Each structure stands twice: as C-alpha cells, then as structure tokens.
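The values are calculated or read from the model by the stated rules, or taken from the named source; none is laboratory data. Here the structure is a predicted model, which is why all the values come from computation and not from measurement. Cβ atoms come from the backbone with ideal geometry, glycine included; neighbour counts cover every protein chain shown.
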Amino acid sequence: MSISQIAKSISESVTLKLNEKAAILREKGDPVIHLGGGEPKCKAPMDALVATAAHLNTGEIRYTPADGTPALKKAIIRYTEENYNRKAAPENVMASGGAKQAIMVALQAVVNPQEEVIFPCPYWVSYPDMVKLCQGIPVPVKPEDGTFYPRIQDIEQRVGSYTKAVIINSPNNPSGAMYSQEFIADIVEFCEKRDLYLIMDDIYHRLVFDGKKPINSYEFAKDHSENSKLILINGVSKVYAMSGFRIGWAVANKNLIKVMTNIQSHQTSGPSVLLQKAAIGAMNGIQSPIENMRVTLENNRNIMVDHLNSFEGVKVTKPDGTFYCFADFSNYDEDSTRLSNMLIDKVQVLTVPGVEFGMEGFLRLSYCGSIKDIKEGIERMKWALDLNSPNELYIGDRKLVRDWA
Ligand SMILES: Cc1ncc(COP(=O)(O)O)c(C=O)c1O
C-alpha cells in the first residue's frame with residue numbers, strides 16, 4: 001500500500017488500543033480489571049447534561065465559529081481568570097475537540113519540518129507522534145537524576161538552534177509528578193529568554209493532592225504582551241469528568257490564535273455546538289463535583305500506593321496529582337510490553353507499558369476506577385509476579401493455577 005512518509009512514521013495510540021482490548025475481553029465475559037484507564041469514572045456534571053439536552057431540544061444544531069461560540073469563550077475566559085488570574089480577550093482563546101486537538105493545532109501552527117520540540121520524560125504518549133505529524137523532531141529529555149522531576153539544566157542541555165518549542169505537562173501523565181514551582185518559574189523564564197514557544201499542558205492542573213495548590217505559569221511570565229509565546233492548554237475531560245465530550249482549548253497571543261483558528265477551520269471547523277453547550281454548563285455550573293472527585297482520587301492514590309508498597313520488588317514514587325501511578329517493575333521484567341501482556345493474559349489486569357511513555361521497565365497504573373478494582377488488580381498482579389505466593393488464585397469461581405515460573 002502506498003502511504004505517506006508521515007503516515008508511516010505514526011503509530012497507533014497505545015492507550016486507546018488497550019481500552020479496546022479491555023472492552024473486547026469484557027464482552028467475552030472475562031473478568032478484566034482495567035488499571036490502564038485515562039478518564040475519571042464519575043458521571044459528567046448535571047449542569048452539563050441539562051445544558052446539552054436543552055439545546056438538543058431546540059433542534060437547531062448548527063455550525064459554530066471555528067474557534068468556538070462566544071458563550072464558550074466567555075466561560076473559558078472566566079475559568080482562566082479565576083484559576084490563573086489572567087485576563088484574556090476572546091481573540092486569545094480557541095476552543096477545540098479536546099485538549100488533544102488544541103495541542104496538535106498549536107504544534108501545526110509553530111513547528112516547521114526538522115524543528116525540534118522538547119518535553120520531559122516520562123511524557124504523554126501522544127507528544128512524539130503529534131510532533132512527527134508536523135514533520136518535526138520529538139526530543140524527549142530524561143531527568144539526569146533519574147527522578148520524574150526535570151531540572152532546568154536537563155532541558156537547557158538539549159536546546160539548540162533547531163528547538164522551536166517545549167511542552168510541559170504538570171501534574172504529569174503518566175508519573176503523577178507535579179513539577180516544582182521553581183522549575184515552572186525557570187522554564188517560563190528560560191523560554192522567554194530563548195524565544196521558544198512554551199506549551200503548558202495543564203489538563204490535570206486541579207487534580208493535585210496533599211494540600212498542594214495548582215501552579216500558575218503566568219505568575220512567572222515577564223511578557224504579558226501579545227508577543228508572549230506561552231500557550232496554555234486546558235479542557236473539561238479530566239477535571240469535569242467529561243472525556244467523551246471532547247472539549248478543550250488553548251489560550252495564547254492573538255496572532256497565534258488567529259493562525260490556529262485558520263488551521264482548525266480547515267480540519268474540523270468548530271467543535272460540536274452540543275458539546276460546547278455541555279462544557280459551558282459544566283464551567284458555569286456547580287463546581288463542587290471537582291473537589292469531590294479530587295478527594296476521591298487522593299484516597300484512591302493512597303490505597304494504590306499502600307498496596308504497591310507491600311509489593312516487594314516494585315519501586316513507587318508517590319504521585320502528587322492526576323490519577324496515575326508510574327511504578328518501576330523492572331525487577332520482574334525489564335520489558336514493560338512483555339510484562340503488560342503477561343498480566344493481561346494470565347490474570348486479566350490491564351496496565352500500560354512504560355516504554356510508551358519513554359521509560360522502559362515501568363508500568364502505568366490508573367487509580368481512577370473503584371477501590372475494589374485497585375485492590376483486586378494489585379493482588380492479582382502480586383500473585384502473578386511473586387513466585388512465593390500460593391500456586392492457585394480464585395477470580396470469582398474461576399481457579400487459576402500458575403503454569404509459569
Ligand atoms: C497529558 C494529557 N494531555 C492532553 C490530553 C488530552 O485530553 P482531551 O481529552 O481533552 O483531548 C490527555 C488525555 O489523556 C493527557 O493525558
């Protein structure tokens with residue numbers, strides 16, 4: 001088959017593929033525990049549902065402006081002011097089909113072929129392929145001290161004449177690490193000094209634990225003019241548990257937003273009007289579901305970390321936020337894909353191999369599901385991997401017998 005060079009360089013989204021795998025196995029009746037999920041399990045806010053239903057009832061389901069409706073932009077402007085103390089104009093805002101599209105369009109707007117985009121390791125699975133879609137070069141940077149917390153010198157060392165942009169995602173998918181205030185201040189200052197675009201992927205920004213407060217990158221910016229190269233990405237998928245609604249956005253300088261809107265206008269036009277209504281409903285509605293979910297996630301995180309800590313041979317860094325834990329399983333198998341496959345095949349626990357996030361030997365485990373799933377999932381993994389555990393395990397009334405060593 002004759003396909004483009006770009007298409008050849010792109011791989012499937014592993015996380016989406018794993019979701020599919022879990023669904024197929026469940027359909028077959030297998031008792032799968034999905035610790036690979038990337039979305040909160042609580043229901044979407046009632047205000048979102050009511051707003052969508054009300055608009056659906058009008059029967060007037062039309063195109064919207066390519067950068068989003070004025071009402072959604074107004075809600076985004078208010079959100080940005082409340083959460084970031086940053087006043088934005090409607091021309092500084094573009095709504096998209098998820099934060100994913102907002103990041104993709106931002107990259108398309110700024111990256112030329114062969115230009116480099118830097119991001120710390122571990123990184124969200126989509127960044128490398130998104131950069132490749134722009135014919136750019138992804139440059140993952142592993143913190144030299146072996147932690148999940150990059151230092152400015154790690155980034156500095158990799159910046160060269162081809163560097164065009166830096167992407168920072170904190171709190172981070174997959175590690176759950178929330179980068180320090182000092183690092184965010186340093187990276188904002190560094191990108192301003194070196195005239196680099198800084199894409200702040202803040203999709204998890206309010207899902208932080210242990211009394212931590214979200215960090216506001218604008219606080220450290222010196223350039224608040226329309227020349228600023230800071231691009232703030234956000235959306236309703238995680239914080240409002242509205243992943244299927246596909247609404248995200250970018251806040252940036254007016255010229256860049258204009259260019260991004262031109263690109264988006266030829267790709268998808270504006271996001272669906274119904275889903276924009278839903279996002280407006282959620283953002284203008286009762287906000288308590290966010291805090292309720294955050295508290296639940298913090299409790300789930302504690303349970304997962306406690307269980308993993310009782311797992312000899314697994315190294316865990318306590319996540320500061322998100323709903324992921326990125327644990328080092330290299331004592332059991334250095335090949336995370338093989339290990340993840342073994343866990344789904346033998347004990348029907350779905351995990352995501354660390355190699356997909358740029359770190360081999362790790363597994364990403366999600367704690368956005370039920371406590372029962374977290375506990376049982378880790379128990380099953382322990383049984384599969386700890387050869388000192390009994391030879392048999394019951395899953396419901398199914399008896400598993402270890403046939404591997
Ligand atoms: C780090 C990160 N950025 C962006 C996204 C995309 O979010 P959305 O559902 O708004 O497209 C995700 C989703 O998993 C993510 O983990």
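What to note about this one:
- The stretch 43-67 residues that are over 18 Å from Ala241 (Cβ atoms), paired with ones that are assigned to a helix (DSSP H, G or I) and hydroxyl-bearing (Ser, Thr, Tyr) (beta carbon under 9 Å, 6 or more apart): Pro65/Thr261; Pro65/Ser265; Ala66/Thr261; Ala66/Ser265; Asp67/Thr261; Asp67/Ser265
- Given (1) surrounded by 15 or more Cβ atoms within 10 Å (Cβ to Cβ); (2) more than 16 Å from the ligand (Cβ to nearest atom); (3) in a helix (DSSP H, G or I); (4) over 21 Å from the mean Cα position of the chain (by Cα), number of the condition Glu156 does not satisfy: (1)
- Strands (runs of 3 or more DSSP E) fully within the stretch 295-405 counting 1 or more residues that are among the aromatic types (Phe, Trp, Tyr): 324-328, 362-366, 392-395
- Boolean, Ile263 is in contact with a strand residue (DSSP E or B) (Cβ under 6 Å, 6 or more places away or on another chain), touching a residue at least 40 places away in the same chain (Cβ under 8 Å) and either farther than 14 Å from Thr322 by Cα or part of a loop (DSSP other than H, G, I, E, B) (or both): no
- The residues listed here are Ser366, Ser330, Ser340; of these, the one that is without any contact (Cβ under 8 Å) to a residue 40 or more places away in the chain, crowded, with 21+ Cβ neighbours inside 10 Å and of a type in the set (Gly, Ala, Ser) is Ser340.
- Looking across Gly36, Gly97, one residue alone is at pLDDT 95 or above, within 16 Å of the ligand (Cβ to nearest atom) and within 22 Å of the chain's Cα centre (by Cα). It is Gly97.
- Within the stretch 230-247, if we keep just the residues that are within 15 Å of Asp201 (Cβ to Cβ) and in a loop (DSSP other than H, G, I, E, B), the residue that is farthest from the ligand (Cβ to nearest atom) turns out to be Val239.
- Listed by first and then second residue, the pairs linking a residue in the stretch 381-405 that is over 13 Å from Val347 (Cα atoms) to a residue that is surrounded by 16 or more Cβ atoms within 10 Å (Cβ to Cβ) and of a type outside the set (D, E, K, R), with Cβ atoms under 6 Å apart and 6 or more places separating them unless they lie on different chains, are Ser389/Trp383.
- Qualifying residue in the stretch 90-104 (condition: of a type in the set (D, E, K, R) and under 24 Å from Arg294 (Cα atoms)): yes
- Qualifying residue in the stretch 210-229 (condition: in the same structural domain as Ala66 (by TED's automatic domain parsing), within 13 Å of the ligand (Cβ to nearest atom) and closer than 16 Å to Phe323 by Cα): no
- When we screen Met178, Met104 for residues that are within 19 Å of the chain's Cα centre (by Cα) and part of a loop (DSSP other than H, G, I, E, B), the only hit is Met178.
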